[in-house]
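Take a look at the structure set out below.
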Amino acid sequence: MSHDLRKIMVLGSGDIGRRVFHELAHSRHKRHVELVGRDEEALLRTTNMTRFCGLQRGFSPTVSHSTTDLVDVERTAERIAAFRPDVLFLSASYQSWWVISTLPQDAFQRLYAANYGPWLPMHLVPVMKAMEAVKLSGIEPVVVNAAYPDAVHPALASVGLSPDVGIGNVANNVPGLQAVAADHLACAPDDVEVRLIAHHYVSHRLSRRGDSGRARMSLAVLHRGSDITAELDIPGLLRRLPTEYRRTGGMAGQGMTAASALSVLEPLVNERDAFVHAPGPNGLLGGYPVAIESDKIRLRLPEGMSQDEALAINVSGQRQDGIAEIRPDGTVVFESSAMDIMSDELGYDCPEMPLTDAEGRAQEIAERFAAYRLRAAA
């Protein structure tokens, strides 16, 4: 879908959605960016703020907003059909990753030990609703998703509803690794190329612990096109990420995730080829180095590595994240150790989840977490 004014829809007006909308609008390229969410007043203020900031900086952005609720698939489909986006960025979740960090510290630490996998319904359901709306709209944009693509995409691929590619996670540590390697080699970062294969669990752990824990990962480092991985102390370089290369985390650190989103979105919007890192490409499990070529996403694995080998690396991370298996029909089987924590803390027990149960499970988690928060604060 190509025309003079490229169109991008940002569906979801939370923190990441607003950051990405703001950055996409501030460009010399001809584009129209629309922000879509539930709150008309907040959308109007955000859109005007982005327009005015652009004018202040010498841009003249074409921006707009519209309202929908993802539970209303028909209304969302109407918005997509009316705008006709070339690229659709999904940044919607029923509960963002940082929400549990607002609990009292002892409660947070206990719940955090379950890892991310058991919370899957909170991310899967809004993406599933959005993809149903895309199908209903008759429009075929490139769909980029921010909500736990490592697991959401393979689950939805079973029913033909996976977005094309995700953002963040595996990508978030790549600039740090590039900087560590470049500084070690005393060369410019542009002379270094990193190829990282890692699940969300690993990417989350690397910046905090400097290792992959019990999960596997693969890291190749190229210097001016030559693979020099064998010449480097890779564990030593990784250990520097949470020390002298540590960066801002938490909500304030979402700028890194927004930058990772833009690394994927900008080439797609501008119709140029690029080498990036992304989770969930073409419905695959976990995170990979990928090439964007003519709006298509393909794996760009290290020399000599097969797709099956890369998938096995990501499966090991998935298990540590609390998901034992995603079956071909989309049913998700959770690790018992992770679910035991959810059961002990929230009273929530879900050994496995067919896609048809996801919406009910998301509602149950939301209700149980709300009650848990009240108890923890008492």
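The values are calculated or read from the model by the stated rules, or taken from the named source; none is laboratory data. Keep in mind that this is a model prediction, so the values were computed, not measured. For neighbour counting, all protein chains shown are included, and Cβ atoms are generated from backbone atoms with ideal geometry for every residue, glycine included.
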Check your understanding: Out of the residues in segment 210-230 that are closer than 22 Å to PRO118 by Cα and basic (Lys, Arg), which is surrounded by the fewest Cβ atoms within 10 Å (Cβ to Cβ)?
Key -> ARG214
Check your understanding: So which pairs qualify, if the first residue must be in segment 177-188 and in contact (Cβ under 8 Å) with a residue 60 or more places away in the chain, the second must be basic (Lys, Arg), the Cβ gap must be under 8 Å, and the two must be at least 6 apart or on different chains?
Key -> VAL180/ARG240
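Take the conditions at pLDDT 95 or above, over 23 Å from the mean Cα position of the chain (by Cα) and more than 20 Å from ARG84 (Cβ to Cβ) and apply them to GLU23. Does it pass? Step through it out loud before you land on a result.
Details: at pLDDT 95 or above: yes; over 23 Å from the mean Cα position of the chain (by Cα): no; more than 20 Å from ARG84 (Cβ to Cβ): yes.
No: the conditions fail for GLU23.
Filter segment 337-364 for residues that are of a type outside the set (D, E, K, R), farther than 13 Å from GLY322 by Cβ and out of contact with any Ser or Thr (no Cβ under 8 Å at 6 or more places or on another chain) and give the result.
Step one: list which residues in segment 337-364 are of a type outside the set (D, E, K, R), which gives 337-339, 341-343, 346-348, 350-351, 353-356, 358, 360, 362-363.
After this cut, where a residue has to be farther than 13 Å from GLY322 by Cβ as well, the list is 346-347, 354-356, 358, 360, 362-363.
Those that are of a type outside the set (D, E, K, R), farther than 13 Å from GLY322 by Cβ and out of contact with any Ser or Thr (no Cβ under 8 Å at 6 or more places or on another chain): LEU346, GLY347, THR356, ALA358, GLY360, ALA362, GLN363.
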Check your understanding: Looking only at segment 145-174, which residues are more than 15 Å from TRP119 (Cα to Cα), of a type in the set (Val, Ile, Thr) and touching a helix residue (DSSP H, G or I) at 6+ places or on another chain (Cβ under 7 Å)?
Key -> VAL159, VAL165, ILE167, VAL170
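Quick check on this structure: which one of GLY210, GLY160, GLY236, GLY253 is on the phi > 0 side of the Ramachandran plot and outside the structural domain of LEU136 (by TED's automatic domain parsing)?
After ruling out the rest, the residue left standing is GLY210.
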Practice item. Mind listing whichever residues of segment 365-378 are surrounded by fewer than 19 Cβ atoms within 10 Å (Cβ to Cβ) and either of a type in the set (A, V, I, L, M) or over 20 Å from THR102 (Cα atoms) (or both)? Key: ALA366, ALA370, ALA371, LEU374, ALA376, ALA377, ALA378
Review point. Got a sec? Which strands (runs of 3 or more DSSP E) wholly within segment 1-119 have at least 2 residues that are hydroxyl-bearing (Ser, Thr, Tyr)?
Key: 62-67
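Does ARG272 qualify as being in contact with a Phe, Trp or Tyr (Cβ under 8 Å, 6 or more places away or on another chain), farther than 20 Å from LEU206 by Cα, modelled with pLDDT of 95 or more and of a type outside the set (Ser, Thr, Tyr)?
On the way: in contact with a Phe, Trp or Tyr (Cβ under 8 Å, 6 or more places away or on another chain): no; farther than 20 Å from LEU206 by Cα: yes; modelled with pLDDT of 95 or more: yes; of a type outside the set (Ser, Thr, Tyr): yes.
Against the criterion (in contact with a Phe, Trp or Tyr (Cβ under 8 Å, 6 or more places away or on another chain), farther than 20 Å from LEU206 by Cα, modelled with pLDDT of 95 or more and of a type outside the set (Ser, Thr, Tyr)), ARG272 does not qualify.
Across segment 99-111, which residue is nearest to ASP349 (Cα to Cα) among those that are surrounded by 14 or more Cβ atoms within 10 Å (Cβ to Cβ) and of a type outside the set (S, T, N, Q)?
Keep residues of segment 99-111 that are surrounded by 14 or more Cβ atoms within 10 Å (Cβ to Cβ), which gives 99-101, 103, 107-108, 110-111.
If we keep only those that are of a type outside the set (S, T, N, Q) too, we end up with 99-100, 103, 107-108, 110-111.
Values: VAL99: 20, ILE100: 18, LEU103: 21, ALA107: 18, PHE108: 18, ARG110: 16, LEU111: 14 Å.
Only one residue fits best here, namely LEU111.
Helices (runs of 4 or more DSSP H) wholly in segment 145-218 with at least 1 residues that are aliphatic (A, V, I, L, M) and over 17 Å from GLY287 (Cβ atoms) - which ones?
Values: elements: 149-157, 174-185, 200-209.
Of the helices (runs of 4 or more DSSP H) lying wholly inside segment 145-218, those with at least 1 residues that are aliphatic (A, V, I, L, M) and over 17 Å from GLY287 (Cβ atoms) span 174-185.
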Review point. Could we say that HIS277 is more than 27 Å from HIS22 (Cβ to Cβ) and in contact with a Leu (Cβ under 8 Å, 6 or more places away or on another chain) here?
Key: no
Review point. Residues in segment 180-190: is at least one surrounded by fewer than 21 Cβ atoms within 10 Å (Cβ to Cβ), under 30 Å from LEU88 (Cα atoms) and modelled with pLDDT of 95 or more?
Key: yes
Review point. Quick one: is ALA133 under 17 Å from SER263 (Cβ atoms) and either small (Gly, Ala, Ser) or at pLDDT below 95 (or both)?
Key: no
